[in-house]
Amino acid sequence: MRREIAMTLATVPEYGSAQTTRKAGHAVVAGAGMAGLLAARVLADHFEQVMIVEKDSLPDAPVTRKGVPQANHIHNLHEAGRRTLEDLFPGFSEDLIAAGGNRIEINSDSRVFIEGDVLAHGPGRLPMYCASRPLFELVTRRRVDDVDNISLREHCQFIDYIVGETAPNVEGISIRQDGRTEEIPANLVVDATGRTSRTPDWLAEHDYPTPTVDEVHIDVVYSTALVNRPVDAQQTRVVLPNPPRKRGGGMFPVENGRWMMTLFGVHGEHAPPDPEGFADFAASLPIPDFKRVIDEYGLASEMIEQYPFPSNKRVRYEEIDRFPDGLVVVGDGIASFNPIYGQGMSVAALEALQLHHVLAADGTDDLAHRFFQRAETVVDDAWMLAVGSDFQFPQTTGPKPTGTDLINKYLSRLLRKARTDGKVADAFNRVIIMEERPTSLFRPRILWRVLTPSI
Ligand SMILES: Cc1cc2nc3c(=O)[nH]c(=O)nc-3n(C[C@H](O)[C@H](O)[C@H](O)COP(=O)(O)OP(=O)(O)OC[C@H]3O[C@@H](n4cnc5c(N)ncnc54)[C@H](O)[C@@H]3O)c2cc1C
């Protein structure tokens, strides 16, 4: 069957349910964020029982919970992530729309301001599904709940790994629930506890090599409000920061007749958390649309949420030569990126797909090593995009990937071309939505368009 668009990130093969025949053993996932839910879904093909433990309560409603404070802010689900979710949970996109989400067309509903102007619209169709992060998570969790061999325990705090007598390998986890401690044996444990994962400390405490942690400091602060939206208004706006302009924003149509509007600044800039200051910051952006919708439709509440995000962070598990059997880490626990590029959930989805492929190929033998190698291919591209852009600012600190300045120079030229050339804009958009790799922007047909002077 021909697909609507090419599959996901060009490096990750599609999900294949036919590859999954064996079902034995128990797996435990710590953390029921997007990465944990997606990992559990693929583990359910390979293990007899999968248990997810989550410290928060998980109500059947799209609400922000304590363990995922970033959920108050814009969450774009890129097409690579959406399509992976659709493959793992057929009908996911329809479920999302039925629950209040929106489907927009990037090539008609959106305006993206970058490098001093708005990008041209590309040819063809480029869909995007918009919703709040709590709604994305709720729709995913409901589908996970429907999987027979997955159980979900809320109010259940993961406290430590159970250590086997040999090696020491991981043979399960201990948890605390209602004041009681309990041990849950497992053949595989997945750490999906997010950016604050304690696995690196645990490795150090158990005489394993500790992974290098790369941090690239961008000091981005998000300020987010809900703005009233006429039900049929689908306008989507993005302003990306470029030196010397440290300010930017995003505005996406979410459920309940609202736009979610996030204004952000890097390296010391941020929108104030009061309605007046927020509106003034919106007025300072290079396109008038943010301020115009605030004036025309009004903020839905006085509440402006803030979230400081200091650095891109990457734990280099793929580089260490000894790692305990019975354990893998996924999602933000491996890498978390400057959120303005909206990559985290899609990276988590593609990592789940990689987990599926390594389990299908060779079961749990040498699983962590094989998984981290494959996860690296996903993380590399997202990292190159986020960190590369952040290094446009001279204030950005941290390990700079080789070739960054040269790539930035080329991208800057490409984006200037993309103001008038829809095909170049389309090539760029397909990298942003993670359907194509960043290297696709150097293909001869794009290179030629970028380097040919405009008439
Ligand atoms: C401000 C901001 C905006 C973002 N915007 C986007 C975006 O536009 N698009 C996008 O794709 N991504 C975005 N992201 C990233 C995205 O939120 C994550 O990358 C993605 O959700 C995957 O996260 P995760 O599941 O690995 O971790 P988390 O979402 O952090 O989930 C971890 C889970 O583990 C639970 N947990 C933690 N410790 C324990 C414990 N000891 N016991 C039991 N449970 C535990 C937590 O309660 C939580 O449920 C954004 C991030 C931030 C900070």
Each residue of region 193-200 in order: what ³J(HN,Hα) in whole Hz does its phi give by Karplus 6.51 cos²θ - 1.76 cosθ + 1.60, θ = phi - 60°, with x for Gly and Pro?
7, x, 4, 8, 3, 9, 4, x
Report the charge-dipole magnitude of region 193-247 in Debye, nearest 20, computed about the Cα centre from +1 at each Lys and Arg Cβ and -1 at each Asp and Glu Cβ.
620
Projecting the Cα atoms of Ala80, Ala335, Ala24 onto the charge dipole of the chain, where Lys and Arg contribute +1 and Asp and Glu -1 at Cβ, the residue farthest towards the positive end is Ala80
For region 125-134, 3J(HN,Hα) per residue [Karplus equation, 6.51 cos²θ - 1.76 cosθ + 1.60, θ = phi - 60°, Hz, x = Gly/Pro]
10, 9, x, 8, 9, 10, 6, 6, 4, x
Charge tally in the Cβ shell below 13 Å around Asp214, where Lys, Arg are +1 and Asp, Glu are -1, Asp214 excluded:
-2
Relative contact order in percent for the chain (Cα pairs under 8 Å, 6+ apart) equals 21
Projected area averaged over all directions for the convex hull of the alpha carbon atoms of region 404-451, nm², comes out at 3.0
Quickly rank 121-133, 28-40 as a protection proxy: mean count of other C-beta atoms within 10 Å, highest first.
28-40, 121-133
What ranking, highest mean first, results for peptides 283-295, 247-259, 342-354 when packing means the other Cβ atoms within 10 Å averaged over each residue?
342-354, 247-259, 283-295
Using the Cα centre of the chain as origin and beta-carbon charges of +1 (Lys, Arg) and -1 (Asp, Glu), tell me which of Gly422, Leu263, Pro275 is placed farthest towards the positive end of the dipole.
Gly422
Along principal axes, largest first, the alpha-carbon spread of region 211-274 in whole Å comes out as 46, 31, 22
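Counting only DSSP beta bridges with both residues in the chain, what percent are antiparallel, rounded to the nearest 5?
Working: 52 of 72 bridges.
DSSP beta bridges in the chain are roughly 70 percent antiparallel.
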Could you give the nm distance between label points at Arg198 and Ala61, where each point is 7 Å from its Cα heading toward the beta carbon?
3.1
For the chain, what is the calculated [θ] at 222 nm in deg cm²/dmol (nearest 500), taking -39500 (n - 2.57) for each run of four or more DSSP H residues and dividing by its residue count?
-9500 deg cm²/dmol
When only C-alpha pairs under 8 Å and at least 6 residues apart count, what is the relative contact order of region 150-270, in percent?
17
Across the chain, how many lysine pairs, 8 or more positions apart or on different chains, have C-alpha atoms separated by under 24 Å? Please give the number.
12
Of the listed peptides 319-326, 213-220, 330-337, what is their order by residue-averaged count of other C-beta atoms within 10 Å, with the highest listed first?
330-337, 213-220, 319-326
Using alpha carbon centroids, what distance separates region 17-96 and region 246-282, in Å?
29
Calculate the length of the line joining the C-alpha centroid of region 155-228 to that of region 338-414, in whole Å.
21
Compute, for region 99-242, the length of the dipole vector about the Cα centre, with Cβ point charges of +1 (Lys, Arg) and -1 (Asp, Glu) only. Units Debye, rounded to 20.
900
Using a 1.4 angstrom probe on heavy atoms only, work out the carbon and sulfur share of the accessible area of the chain in %.
49
Can you give me the accessible area per residue for the chain, using a 1.4 Å probe, in Å²?
41
Compute, for the chain, the length of the dipole vector about the Cα centre, with Cβ point charges of +1 (Lys, Arg) and -1 (Asp, Glu) only. Units Debye, rounded to 20.
1820
If you project the alpha carbons of the chain onto their three principal axes, what span does each projection cover, largest first, in Å?
69, 48, 47
So the FRET efficiency between Glu165 and Glu319, C-beta based with R0 = 25 Å and rounded to 0.05, is 0.35
For the chain, the charge dipole (Cβ of Lys, Arg +1; Cβ of Asp, Glu -1; about the Cα centre) points to a positive end, and the Cα of Pro310, Ala40, Ala186 closest to that extreme belongs to Pro310
Taking 0.36 nm per intervening residue step and subtracting the Cα-Cα distance, what contour gain separates Asp295 from Arg142 on full extension?
51.4 nm
State, as an integer percentage, the relative contact order of region 404-451 based on alpha-carbon contacts under 8 Å between residues 6 or more apart.
33
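The values are calculated or read from the model by the stated rules, or taken from the named source; none is laboratory data. These numbers come from a predicted model, not from an experiment. Quick reminder, even Gly has a Cβ in these numbers, built from the backbone with ideal geometry, and neighbours come from all protein chains shown. Accessible surface is based on the protein model in full, side chains and every heavy atom, while ligands, DNA and RNA are left aside. Shrake-Rupley method; radii C 1.70, N 1.55, O 1.52, S 1.80 Å.
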